[in-house]
Amino acid sequence: MPNGFAYLMLFAWPFVALVLFRTLPLHKALIWTMMGGYLVLPSATGVKLPMIPMLDKHSIPALSALLFCQIYAPRAPAVPGQPRARSKAPGRGLIIGLLALLLGAPFLTAVTNAEPLFYGPRFIPGLSLYDAFSMISLALITILPFLLAWRHLDTPEAHREILRAFVFGGLAYSLLAMLEVRLSPQLHTWIYGFFPHDFIQHIRAGGFRPVVFLSHGLMIGIFFCLSILAALVLWREARREGRRAIGWLCAALWLAVTMVMVKSVGALAISVGMGLVAGLLGRRLQVLIGAVGVGIVLLYPVLRGAGFIPVEKVYEIALSYSEERAQSLKFRLDNEDGLLARASEKPLSGWGGWGRNSLFDPVTGEELSVTDGIWIILIGQYGWLGYIAYFGLLTAPILLYARYGHRFGPSLITPGVLLLMTAVLIDCLPNAGLVPYVWMMAGALTGFVMQPARAAGEAAPATPPQERSMEAASSWLMQDAASPGRRPRGAADGGRGGT
């Protein structure tokens, strides 16, 4: 059970966010509110109120950021008699359609799952409109970092700060991770009073896999992977700009050592593959590989169901490395097969929550399946409509960037964020890692690609991120913030919210 300090930290975070927004430029405050909350706040701790999602380390930073962005983001005055300009950026209709699908799919899920389920002594209730609204509120909280980043993190300056946040967060976390490698994962227990997962899963290779304040050792592995990639991108960009780059290279090397020590094989493999792409290849090849990677991720369930994914070959490779790891992989693959068959019974709408998408023994009611990959969770709960909505929002900005990337200049910063997104989406195939910083990166890429000036191939002004409007949900999704008579904007605006 969480101790009192765990709850104190959760509900003190809005005050931490207030300090950040009062002392930092808005885009930096937004990034560190989200990233800091994810890294510092306790896992598996929260307060559940009726009709709203759990108030925890994911939702409290997002809601705090929403509040203070509304307070501190300057609003340019409207010009009387001049209507707002409509965005002509390619993909605008696609993004809006995906958002509408994400918010509308829960209604279909609830309507098609009104019947209760019985497995021996186990009873699972049917869904009602209450459950539909509950699922919609969860979806809104989930994509809130996406919407905030779309509005406020749509510039290369903001993307550079995202990369810096990963590097500095990774360096700070590396010291704590090394401590837990030596002493076992104890920090969460010492500070917050409990361990957030199964301890035995974090005994690896005669040592320990660290957790620090995250929910599982797998989460810390992919975080270090992204930190390594961010350091390599910043190193390459510093060299391209003719600035000192040795510090970023040293950070990447140290983080790589930490990556090996945390004993996360999947994240290490992604680090090696994507690290070679980030450290050696040019911008065009980086974007191409990123687009191909997320395209495979998007189509993975179809390819998996059709037998085009060489799972047996992957199993043999894992077996040559470690029999224990191979058996773990085999267990996941067998579960995926069963859960895919279960999801195919309601392919469009899914089964909804309460564990209705899982497999149970018809006599004893014992649960027979374990859901790991986020893709199979989404398909099982929300059907293909929900899967397309969620993964469409995550992959669409990358594919749009690849389509129109020749218009965006030679910088490696935004392609670097694209590579980080590709890496984390690959990791989401075996794991459930759609944490807030993933949505934040997706929103930042969406905001960058969707700016009309960039989409038209024009030179976009150096606009501070907080002054742009977000094409988000419902009515305020339908208009762009650019007004013909608005004054020129730039970094010289100064104060909070400047770049």
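The values are calculated or read from the model by the stated rules, or taken from the named source; none is laboratory data. Remember, it's a predicted structure, so these values are computed and weren't measured experimentally. Cβ placement follows ideal geometry from the backbone for every residue including glycine, while neighbour counts extend to all protein chains displayed. Side chains included, ligands, DNA and RNA excluded: accessible areas come from the protein's heavy atoms. Shrake-Rupley method; radii C 1.70, N 1.55, O 1.52, S 1.80 Å.
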Residue match in region 380-395 (condition: touching a strand residue (DSSP E or B) at 6+ places or on another chain (Cβ under 8 Å), open to solvent by 50 Å² or more (accessible area, probe 1.4 Å), in contact (Cβ under 8 Å) with a residue 12 or more places away in the chain and under 20 Å from LEU127 (Cβ atoms)): no
Pairs with Cβ under 8 Å, 6+ apart, first in region 10-36 and within 16 Å of PRO436 (Cα to Cα), second among the charged types (D, E, K, R): LEU10/ASP56; LEU10/LYS57; HIS27/GLU157; HIS27/GLU161; LYS28/GLU161; ALA29/ARG496; ILE31/GLU161
Any hit, region 281-294, residues being open to solvent by 40 Å² or more (accessible area, probe 1.4 Å), free of Cβ contacts under 8 Å to residues at least 60 places away in the same chain and over 23 Å from the mean Cα position of the chain (by Cα): yes
Within region 105-120, tally of residues that are surrounded by 15 or more Cβ atoms within 10 Å (Cβ to Cβ) and assigned to a helix (DSSP H, G or I): 6
Matching residues in region 386-398 - criterion: being closer than 16 Å to ILE96 by Cβ and not β-branched (Val, Ile, Thr): ALA389, TYR390, GLY392, LEU393, LEU394, ALA396, PRO397
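For (1) open to solvent by 20 Å² or more (accessible area, probe 1.4 Å); (2) farther than 22 Å from LEU359 by Cα; (3) modelled with pLDDT of 95 or more, each residue gets a yes or a no:
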site	(1), (2), (3)
ARG122	yes, no, no
ASP131	yes, no, no
LEU148	no, yes, yes
HIS152	no, yes, yes
GLU157	yes, yes, yes
ARG164	yes, yes, yes
Flag for GLY290 being small (Gly, Ala, Ser) and in a helix (DSSP H, G or I): yes
Region 126-183: number of residues that are farther than 20 Å from VAL417 by Cβ, in a helix (DSSP H, G or I) and not polar (S, T, N, Q): 21
Evaluation of ALA459 against (1) of a type in the set (A, V, I, L, M); (2) modelled with pLDDT under 90; (3) in contact with an Asp or Glu (Cβ under 9 Å, 6 or more places away or on another chain) (one fails), failing number: (3)
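Rundown of residues vs (1) more than 30 Å from PHE194 (Cα to Cα); (2) touching a residue at least 40 places away in the same chain (Cβ under 8 Å); (3) touching a Gly at 6+ places or on another chain (Cβ under 9 Å); (4) β-branched (Val, Ile, Thr), yes/no style:
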| residue | (1), (2), (3), (4) |
| --- | --- |
| PRO210 | no, yes, yes, no |
| LEU214 | no, yes, no, no |
| LEU218 | no, yes, yes, no |
| SER227 | no, yes, yes, no |
| LEU232 | yes, yes, yes, no |
| ARG244 | yes, no, no, no |
| CYS250 | yes, no, no, no |
